[in-house]
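Everything on this sheet refers to the single structure shown next.
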Amino acid sequence: MASLRDAFKSKIQSLREDVDRLVAEHGDKVIGESTVAQAYGGMRGLKCMVCDTSVVSPKDGLILRGKPLSELTHLSPEETFYLLLTGDLPDAAASKDLQDELAARSTVPGYVFDTIKLQPKTSHPMAMLTMAVLALEEQSKFRARYNEGISKGDYWEPVLEDSLDLIAKMPTIAAAVYRSRYGLGDFIDRNPNLDWSANLTHMMGVPDETGTLGDLTRLYLMIHADHEGGNVSANLCHTAGSALSDSYYSVAAGLSGLAGPLHGLANQECLRFHLGIMERFGKVPSKDELKDYAWEVLNSGRVIPGFGHAVLRDTDPRYTALHEFAKKACPDAELFKLSHVMYEVIPGVLTEHGKAKNVNPNVDALSGVLLYEYGVTQPRFYTAIFGVSRALGMLAQLIVNRALKTPITRPKSVSTAWIKEQVGAK
Ligand code: CMX
C-alpha cells in the first residue's frame, strides 16, 4: 500500500471532482433550516458544514470513515490518522512507513523547551501546551511556501508537511509540559523502540508497572482523535484554517476550545468529581448516598461532569471501549467501582431532573479514572493528553479542507432586532 502522502494525493482529484459536481448539480437544494432557537442555542443540530473524516450518530456514536468505533479500537492512533485522512486502513508497510516518518520528524527545537520551562508552575497545562504549539509555528512550511506564492491547488502539500511535523512533536511537547508543570525533573528523551503513543507516557515518566500502560495510551489516543466537524475544538481549528492560518495556529485555536470545561476539560472535572466524592464519603458511596449527592450538585446549579452530550443520545461508545479496558486492567480499583455506581445512579437522577437530553455517560466519565489508576494523578493534565489525540482529527480535517480548496468560513450573523422584525415579535 502507498505511503500516507501518496495515498492521499491519489484521492484528491476525484474528491474535488465529486464535490464540484455535487455543488454544480445540487447546490441550490436545501439540507436544513435554521430556527430562532438554534441561532440563540449554539447552532445545535444546524446542518451547515461538511466533515468526511467521521460522523457522530446520536444512537451509535462515533463512526470513522463509515466504520463504527467498536470495530476500530485495535488501531493505533497513527493508523487512525491514516484512515481519517485517506478513508482506507493502512497495511503493515504503510503503517510502518508512517511510524518511521513521525519518528524522523519528532525532534523539538530547544527554544520550545525553554518556552515551556519559562511558564509559572501555576499555569494550566492546556495553556502551556497551546503555547508550545504556537512556539513551533516558526517552523511552518506552509507559511514559507505561501509567502513564496504557492498555487492554491498545492496548499494541501505543505499543510500535510506541517501537520506531520506537529503530530510527531505533540507527545514530546506534552510530556515536557507535564514534567515542567509538576516539577518532575529533567525532560526524558524519546525511546526509539516505542511507538508514538507509548512514547508519550514514557517521556512523561509514568512507571509502567503492569506492562499495559502503552495499551491504555494507545486506546486513549485512538478514541479521542476525531468526533466529526462541529464540536468546539474541530470547529475552531477548521475556522482558523479556513483563513489559511497554518496547522500550528489552527491546532492552537482548537486546543483553546478543548480547554473549556464543557468540552475537553470535562475529563479533569470528572476525575475531580470522583475524588471529591471519595473524600466526602471516605469510601465508595452506596447508590442512595450518591443519589443524594448528585441532587445536591444539581440543586446548586452545577452539572454532573461526564454525563450528557450535545449530539449523542445513548451511551458513548468511547466510554464503552474504556469500560471494557478497565474491567480487565483495574476491576478492583475504588475509583472504577465508583464510576460503576455513577453509571447506575446518575442517568436516573438526570432523568428525574428533566433537563439533559442525554442522561448517559460520555467518554470523560471514565478516561480520567483510568489515567489516575495508571499513575497520572494530576487531573489538570488530562485535557493535554486529549489534545495530543485530538490534533490527529483536527489536522486530518484541515488537510482534507485545503485539498478541497474549502473557502474561508463566514456565516451571517443577525441582530436580535432583525430576528424580531423577521418573526413579527414585539
Ligand atoms: N448535568 C447537569 N445538567 C446537564 C447535564 C449534566 N451532565 N447535561 C446537560 N444538562 C443540562 C444542560 O446544562 C442544560 O441546562 P439548561 O437548560 O439549564 O442550560 C440542559 O440540560 C439541556 O442540555 P442538553 O441539550 O442536554 O446538552 P447541551 O447540548 O446543552 O450540552 C454538554 C452538552 C456535554 C455540554 C452537557 O451535557 C454537559 O454540560 N455535560 C457535563 C460536562 C461534560 O461531560 N462534557 C463533556 C462532553 C464530551 C465531549 O465534549 O465530547
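The values are calculated or read from the model by the stated rules, or taken from the named source; none is laboratory data. What you see is a predicted model, and the numbers here were worked out from it, not measured in a lab. In this analysis, Cβ positions are derived from the backbone assuming ideal geometry, glycine residues included, and neighbour counts consider all displayed protein chains. When the accessible area is computed, the model is the full protein with side chains, heavy atoms only, and any ligands, DNA or RNA have been set aside. Shrake-Rupley method; radii C 1.70, N 1.55, O 1.52, S 1.80 Å.
Return yes when Ala310 is in the same structural domain as Tyr220 (by TED's automatic domain parsing) and either under 15 Å from the mean Cα position of the chain (by Cα) or within 13 Å of the ligand (Cβ to nearest atom) (or both) and no when it is not.
No.
For segment 191-242, which residues satisfy the criterion of being within 12 Å of the chain's Cα centre (by Cα) and among the acidic types (Asp, Glu)?
Listed by number, the residues that qualify are Asp226, Glu228.
All but one of (1) open to solvent by less than 10 Å² (accessible area, probe 1.4 Å); (2) more than 8 Å from the ligand (Cβ to nearest atom); (3) polar (S, T, N, Q) hold for Thr320, so report the exception by its number.
For Thr320, the failing item is (1).
Residue under question is Leu366, and the condition is that it be farther than 23 Å from Val50 by Cβ and either in the same structural domain as Gly257 (by TED's automatic domain parsing) or surrounded by 24 or more Cβ atoms within 10 Å (Cβ to Cβ) (or both); does it hold?
The answer is yes for Leu366.
Do we find a residue being within 16 Å of the ligand (Cβ to nearest atom), open to solvent by 10 Å² or more (accessible area, probe 1.4 Å) and at pLDDT 95 or above anywhere in segment 201-213?
Checked segment 201-213: no residue is within 16 Å of the ligand (Cβ to nearest atom), open to solvent by 10 Å² or more (accessible area, probe 1.4 Å) and at pLDDT 95 or above.
Please find, among Ser245, Ser233, the residue that is open to solvent by 10 Å² or more (accessible area, probe 1.4 Å), within 30 Å of Lys405 (Cα to Cα) and outside the structural domain of His340 (by TED's automatic domain parsing).
Values: Ser233 fails: open to solvent by 10 Å² or more (accessible area, probe 1.4 Å).
None of the others qualify; the one that does is Ser245.
Ser367: of a type in the set (Ser, Thr, Tyr) and either within 21 Å of Gly260 (Cβ to Cβ) or within 11 Å of the ligand (Cβ to nearest atom) (or both), yes or no? So that I can check it myself, show each step before the final result.
Details: of a type in the set (Ser, Thr, Tyr): yes; either within 21 Å of Gly260 (Cβ to Cβ) or within 11 Å of the ligand (Cβ to nearest atom) (or both): yes.
Answer is yes for this residue.
Give the residue, chosen from Val345, Val400, that is more than 30 Å from Gly87 (Cβ to Cβ) and of a type in the set (A, V, I, L, M).
Val345
Residues in segment 96-113: is at least one of a type in the set (Val, Ile, Thr), within 21 Å of Ala253 (Cα to Cα) and under 20 Å from the mean Cα position of the chain (by Cα)?
So far as segment 96-113 goes, no, none of its residues is of a type in the set (Val, Ile, Thr), within 21 Å of Ala253 (Cα to Cα) and under 20 Å from the mean Cα position of the chain (by Cα).
Does segment 398-421 contain at least one residue that is crowded, with 19+ Cβ neighbours inside 10 Å and either within 16 Å of the ligand (Cβ to nearest atom) or farther than 20 Å from Asp226 by Cα (or both)?
no
Give me the pairs: first residue in segment 257-279 and among the β-branched types (Val, Ile, Thr), second residue assigned to a loop (DSSP other than H, G, I, E, B) and at pLDDT 95 or above, beta-carbon distance under 7 Å, and six or more apart or on different chains, which are they?
Close Cβ pairs satisfying both conditions: Ile277/Pro285.
Inspect all residues belonging to segment 66-78 and state whether any of them is in a loop (DSSP other than H, G, I, E, B), among the aliphatic types (A, V, I, L, M) and under 14 Å from Met170 (Cα atoms).
No, segment 66-78 contains no residue that is in a loop (DSSP other than H, G, I, E, B), among the aliphatic types (A, V, I, L, M) and under 14 Å from Met170 (Cα atoms).
Can you tell me which residue within segment 162-200, out of those that are open to solvent by 10 Å² or more (accessible area, probe 1.4 Å) and among the β-branched types (Val, Ile, Thr), is farthest from Phe381 (Cα to Cα)?
That would be Ile188.
Working only within segment 263-307, note down all residues that are more than 12 Å from the ligand (Cβ to nearest atom) and in contact with a His (Cβ under 9 Å, 6 or more places away or on another chain).
Scanning segment 263-307 gives a single hit, Val284.
Considering only segment 228-247, I want to know if a residue exists there that is of a type outside the set (A, V, I, L, M), at pLDDT 95 or above, within 16 Å of the ligand (Cβ to nearest atom) and in contact with a Cys (Cβ under 7 Å, 6 or more places away or on another chain).
Yes: segment 228-247 contains one or more residues that are of a type outside the set (A, V, I, L, M), at pLDDT 95 or above, within 16 Å of the ligand (Cβ to nearest atom) and in contact with a Cys (Cβ under 7 Å, 6 or more places away or on another chain).
Just the residues that are within 22 Å of Met170 (Cα to Cα) and either in contact with a Ser or Thr (Cβ under 6 Å, 6 or more places away or on another chain) or not polar (S, T, N, Q) (or both), please, taken from segment 79-92.
Of everything in segment 79-92, those that are within 22 Å of Met170 (Cα to Cα) and either in contact with a Ser or Thr (Cβ under 6 Å, 6 or more places away or on another chain) or not polar (S, T, N, Q) (or both) turn out to be Glu79, Phe81, Tyr82, Leu83, Leu84, Leu85, Pro90.
Under 8 Å between Cβ atoms, which residue pairs at least 6 apart in sequence (or on different chains) link something in segment 84-95 that is under 16 Å from Leu160 (Cβ atoms) and open to solvent by less than 60 Å² (accessible area, probe 1.4 Å) with a partner that is at pLDDT below 95 and outside any loop (DSSP other than H, G, I, E, B)?
Close Cβ pairs satisfying both conditions: none exist.
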